[in-house]
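As structure tokens, the structure follows; a few thoughts come after it.
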Amino acid sequence: MSDILLEARQLNKTYTQRSGRFGFGTTEIKALSDVSISLKQGTTLAVVGESGSGKSTLARCLLQLQPYDSGDVIFQGQSLGQLDKEGLRNVRKNLQMVFQDPFASLNPRMRVGDIVGEGLLIHNIGNTASRIVQVHQMLERVGLTVADAKKFPHQFSGGQRQRIGIARALVLQPKVVICDEPVSALDVSVQAQILLLLKSLQQEMGLSYIFISHDLRVVRHIANDIVVMHKGKVVEQGAVESIYQSPQQSYTQQLLQAIPGRKAA
């Protein structure tokens, strides 16, 4: 059996924008152009590139949150594009997301316990008592406390809020977690804590990550393999150390040279 858990095959996505002086014209923007990636079981695949490279569009297409023009997304050998609503709902338990902004991604009017337990409720997992137990266990797993379940998001720091976001994604015991710039809104010292947490949870729970980032400095600490995207295309991919030691493309070299304190090759 293949150890590839999730893959994109030749994904294409074009946006149409109004253009011209009065907005009567249209311009096509190719967000994804023949993008193919594969995520192996138990590993972390980093997708890196500057803003506008197509990284977040790829994430939304992988999760079926956005339609793509052509291509396919395969999860455990199954084409997600051919699933009906019910089939997709069942698969979504195994495909979860940690969002970039821990301030915007949590409902400020909901208590933390309800935020983390919402997925269990939606997927009708367990009863009220067992859901509370699962929520409390997951909060403790991400470094929070049982008492935190009764609090609201505004009572937490940015790093703590991102821990809540991680707990929400992991409470469903997913197989794949897509992390969309999960530490970019945090201070550097907090970034390190969150990266360590993600790594320890990966080992503990057997998780596979797609880690989206513009920052190659961060990616080196968590990824096994890297895909470099530029203007909607995959321009380079390979094992993390080979990309760092001997990048083949000038765009990858530029990204590496932008890392603070790194000497030019």
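Specify the residue that is surrounded by the most Cβ atoms within 10 Å (Cβ to Cβ); the eligible residues are those in segment 80-106 that are out of contact with any strand residue (DSSP E or B) (no Cβ under 8 Å at 6 or more places or on another chain), polar (S, T, N, Q) and over 16 Å from Ile122 (Cα atoms).
Checked segment 80-106; the qualifying residue surrounded by the most Cβ atoms within 10 Å (Cβ to Cβ) is Ser105.
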_Go through segment 234-253 and report how many residues are surrounded by fewer than 19 Cβ atoms within 10 Å (Cβ to Cβ), more than 24 Å from Lys13 (Cα to Cα) and in contact with a strand residue (DSSP E or B) (Cβ under 7 Å, 6 or more places away or on another chain)._
2
*Looking at (1) within 15 Å of the chain's Cα centre (by Cα); (2) aliphatic (A, V, I, L, M); (3) assigned to a helix (DSSP H, G or I), can you tell me which one Leu196 breaks?*
(1)
*Residue under evaluation Val240, criteria (1) modelled with pLDDT of 95 or more; (2) under 22 Å from Gly42 (Cβ atoms); (3) of a type in the set (A, V, I, L, M, F, W, C), criterion not met*: (1)
*Looking at (1) in contact with an Asp or Glu (Cβ under 9 Å, 6 or more places away or on another chain); (2) closer than 30 Å to Leu11 by Cβ; (3) at pLDDT below 95; (4) not hydroxyl-bearing (Ser, Thr, Tyr), which is the only condition Asn107 fails?*
(2)
_Count - residues of segment 172-220 that are of a type outside the set (D, E, K, R) and at positive phi_ = 2
*asked:* Restricting to segment 180-194, name every residue that is closer than 13 Å to His221 by Cβ and either of a type in the set (S, T, N, Q) or in contact with a helix residue (DSSP H, G or I) (Cβ under 7 Å, 6 or more places away or on another chain) (or both).
replied: Pro182, Val183, Gln191, Gln193, Ile194
*Single residue of Val190, Val183 found to be of a type in the set (Val, Ile, Thr) and surrounded by fewer than 20 Cβ atoms within 10 Å (Cβ to Cβ)*: Val190
_Filter result for the condition that a residue is in contact (Cβ under 8 Å) with a residue 24 or more places away in the chain, outside any loop (DSSP other than H, G, I, E, B) and exposed (fewer than 15 other Cβ atoms within 10 Å of the Cβ), over Thr27, Thr14, Thr57_ = Thr14
*Exclusive hit being of a type in the set (Lys, Arg), farther than 23 Å from Asp3 by Cα and surrounded by fewer than 19 Cβ atoms within 10 Å (Cβ to Cβ), set Lys199, Lys231*: Lys231
*Conditions: (1) among the hydroxyl-bearing types (Ser, Thr, Tyr); (2) surrounded by 14 or more Cβ atoms within 10 Å (Cβ to Cβ); (3) more than 30 Å from Ala167 (Cβ to Cβ); (4) touching a residue at least 60 places away in the same chain (Cβ under 8 Å). Ser70 meets all but one. Number of the miss?*
(2)
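The values are calculated or read from the model by the stated rules, or taken from the named source; none is laboratory data. This one's a predicted model, so the numbers in the text were calculated from it and none came from an experiment. Positions of Cβ are backbone-derived with ideal geometry, glycine not excepted, and every protein chain shown enters the neighbour counts.
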